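Visitor: First, the structure itself, so that you have it in front of you.
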2 protein chains.
Amino acid sequence: MLQKEEVSPEAGLMTFPGFPVVLVCVDKNIITIAAVSFFSFVKPMVMIGIVPSRYSFELIKKTQDFSLNLPTTELLPAIKYCGSHSGRDCDKFAETGLTPVPGKKITSVFIEECPVSLECKVINEINQGGTHIWFIGEIVTSYVRKDYSRQQAILYWPREYRTVGNILK
Amino acid sequence: MLQKEEVSPEAGLMTFPGFPVVLVCVDKNIITIAAVSFFSFVKPMVMIGIVPSRYSFELIKKTQDFSLNLPTTELLPAIKYCGSHSGRDCDKFAETGLTPVPGKKITSVFIEECPVSLECKVINEINQGGTHIWFIGEIVTSYVRKDYSRQQAILYWPREYRTVGNILK
């Protein structure tokens, strides 16, 4: 077994495994996010991290809500488009062909083509002076396609999208 | 394409895809955690969620530090053991055969057999009254085996461990 070598905190963090890719709508814009986690199971909450220079950051400060949409592999071109263009310069729904649906309990829209959509209201914002500011959202309602399976998830880490692998016995 | 159906927030959250499994040491105890995320790339930070009834929760309130260790599939028996037993009742290093290494900048130990170990100091605690309280940790130093690849990560969601899948083109 190779010995571990001490490296910088930044280099250590770069080994971190991938997270699920989600499409987040704030107002009528879409952002591709892998800075995402559940936060709590009872009083169901999720959290998303946004870099403050992003257009969605401006928007979420106004809406105080967002929808979190789980994509499938067929949506990879839209995922890549929404992750590499700014809503300041284009209408991402028009460009990707995705369909916005008005939120029921939030002002932000959600995405028709995603098999899961969670409507979330921001209840806290965590700023530790790093690259990302995190928004904790309470899920106020959600929509799920009956045929959805978590194994359709897409994982992300810098410059790589991956599928989920096999179950370990 | 099937239509989505509106479901409860709890049911919506249950569709959430898996997260990397990590072994976290607090003091000399080990806990298996999938409530984990990076928090910031510059000023490198991670965060972990712990249920307050857990032994590690008591410990982290005292140590204010932890190590985050990335396991490989060979460690699955230890991962399962540490996720289903309490350090109140046993010595998890003795039971799993894992080797504790003293932290250099933290009071908690790290795990020799894990290819990546990050030493983290708690800088904030986020409590929104849900099932988990989250601890944000700044990475103060880290150790990486040269042959480590992120594709060795193990994903978790309730009752399932999975490998990472193929790269999507």
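The values are calculated or read from the model by the stated rules, or taken from the named source; none is laboratory data. Small disclaimer: the values here were computed from a predicted structure and weren't measured. Positions of Cβ are generated from backbone atoms using ideal geometry, with glycine treated the same way; all protein chains shown enter the neighbour counts.
Visitor: Mind listing whichever residues of the stretch A:2-20 are assigned to a helix (DSSP H, G or I) and either under 25 Å from B:THR163 (Cβ atoms) or touching a Gly at 6+ places or on another chain (Cβ under 7 Å) (or both)?
Guide: Keep residues of the stretch A:2-20 that are assigned to a helix (DSSP H, G or I), which gives A:9-13.
Of everything in the stretch A:2-20, those that are assigned to a helix (DSSP H, G or I) and either under 25 Å from B:THR163 (Cβ atoms) or touching a Gly at 6+ places or on another chain (Cβ under 7 Å) (or both) turn out to be A:ALA11, A:GLY12, A:LEU13.
Yes/no matrix, rows are residues, columns are (1) more than 24 Å from A:ASN127 (Cα to Cα); (2) in contact (Cβ under 8 Å) with a residue 60 or more places away in the chain:
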{"position": "B:GLY87", "(1), (2)": "yes, no"}
{"position": "B:GLU95", "(1), (2)": "yes, no"}
{"position": "B:VAL101", "(1), (2)": "yes, no"}
{"position": "B:SER108", "(1), (2)": "yes, yes"}
{"position": "B:SER117", "(1), (2)": "yes, no"}
{"position": "B:ASN124", "(1), (2)": "no, no"}
{"position": "B:ASP147", "(1), (2)": "yes, no"}
{"position": "B:ARG159", "(1), (2)": "yes, no"}
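Visitor: Right, another one. Might you check whether a residue that is farther than 22 Å from A:TRP157 by Cβ and in contact with a Lys or Arg (Cβ under 6 Å, 6 or more places away or on another chain) occurs anywhere in the stretch B:108-120?
Guide: Scanning the stretch B:108-120 turns up at least one residue that is farther than 22 Å from A:TRP157 by Cβ and in contact with a Lys or Arg (Cβ under 6 Å, 6 or more places away or on another chain).
Visitor: If you check B:GLU58 against the conditions, is it surrounded by fewer than 18 Cβ atoms within 10 Å (Cβ to Cβ), over 20 Å from B:LEU118 (Cβ atoms) and at the interface with chain A (Cβ under 9 Å from one of its Cβ atoms)?
Guide: Taking the combined requirement at face value, the residue does not satisfy it.
Visitor: Let me ask another. Considering the stretch B:115-144 alone, what residues qualify as being surrounded by fewer than 24 Cβ atoms within 10 Å (Cβ to Cβ) and in a loop (DSSP other than H, G, I, E, B)?
Guide: B:PRO115, B:ASN127, B:GLN128, B:GLY129, B:GLY130, B:THR131
Visitor: Is it true that B:SER56 is at pLDDT below 95, within 24 Å of A:VAL42 (Cβ to Cβ) and not charged (D, E, K, R)?
Guide: no
Visitor: Check whether at least one residue in the stretch B:42-55 is surrounded by 16 or more Cβ atoms within 10 Å (Cβ to Cβ), over 15 Å from the mean Cα position of the chain (by Cα) and within 8 Å of chain A (Cβ to nearest Cβ), and report yes or no.
Guide: So far as the stretch B:42-55 goes, yes, one or more of its residues are surrounded by 16 or more Cβ atoms within 10 Å (Cβ to Cβ), over 15 Å from the mean Cα position of the chain (by Cα) and within 8 Å of chain A (Cβ to nearest Cβ).
Visitor: Let me ask something else. Can you pull out the residues in the stretch B:1-29 that are crowded, with 24+ Cβ neighbours inside 10 Å and more than 23 Å from the chain's Cα centre (by Cα)?
Guide: The one that is crowded, with 24+ Cβ neighbours inside 10 Å and more than 23 Å from the chain's Cα centre (by Cα): B:GLY12.
Visitor: Any chance you could count how many residues in the stretch B:85-100 are surrounded by fewer than 16 Cβ atoms within 10 Å (Cβ to Cβ) and touching a strand residue (DSSP E or B) at 6+ places or on another chain (Cβ under 8 Å)?
Guide: So the answer is 1.
Visitor: Just to verify a result, which residue in the stretch A:75-98, among those that are closer than 19 Å to A:LEU59 by Cβ and in a loop (DSSP other than H, G, I, E, B), is nearest to the other protein chains (Cβ to nearest Cβ)?
Guide: Applying the filter and picking the extreme gives A:LEU98.
Visitor: Of all residues being surrounded by 14 or more Cβ atoms within 10 Å (Cβ to Cβ) and in a strand (DSSP E or B) in the stretch B:101-114, which is farthest from the other protein chains (Cβ to nearest Cβ)? Just the residue, please.
Guide: In the first step, residues of the stretch B:101-114 are kept if they are surrounded by 14 or more Cβ atoms within 10 Å (Cβ to Cβ); the result is B:101, B:103, B:106-114.
Filter once more, keeping what is in a strand (DSSP E or B): B:101, B:109-111.
On the way: B:VAL101: 9, B:VAL109: 14, B:PHE110: 9, B:ILE111: 10 Å.
Applying the filter and picking the extreme gives B:VAL109.
Visitor: For the stretch A:21-41, how many residues meet the condition of being assigned to a strand (DSSP E or B) and more than 9 Å from chain B (Cβ to nearest Cβ)?
Guide: Qualifying residue count for the region: 9.
Visitor: Would you please name the residue that is farthest from the other protein chains (Cβ to nearest Cβ), looking only at residues in the stretch B:148-168 that are buried (at least 18 other Cβ atoms within 10 Å of the Cβ) and touching a Phe, Trp or Tyr at 6+ places or on another chain (Cβ under 9 Å)?
Guide: B:TYR156
Visitor: Considering B:LEU68, B:LEU76, which residue is surrounded by 20 or more Cβ atoms within 10 Å (Cβ to Cβ), within 22 Å of A:GLY18 (Cβ to Cβ) and out of contact with any helix residue (DSSP H, G or I) (no Cβ under 6 Å at 6 or more places or on another chain)?
Guide: B:LEU68
Visitor: Scan the stretch A:23-38 for residues that are out of contact with any Ser or Thr (no Cβ under 9 Å at 6 or more places or on another chain) and touching a residue at least 24 places away in the same chain (Cβ under 8 Å) and jot them down.
Guide: A:ALA34
Visitor: Right, next: Need the failing condition index for A:THR72 against (1) within 23 Å of B:TYR161 (Cβ to Cβ); (2) at the interface with chain B (Cβ under 10 Å from one of its Cβ atoms), just the number.
Guide: So the condition that A:THR72 fails would be (2).
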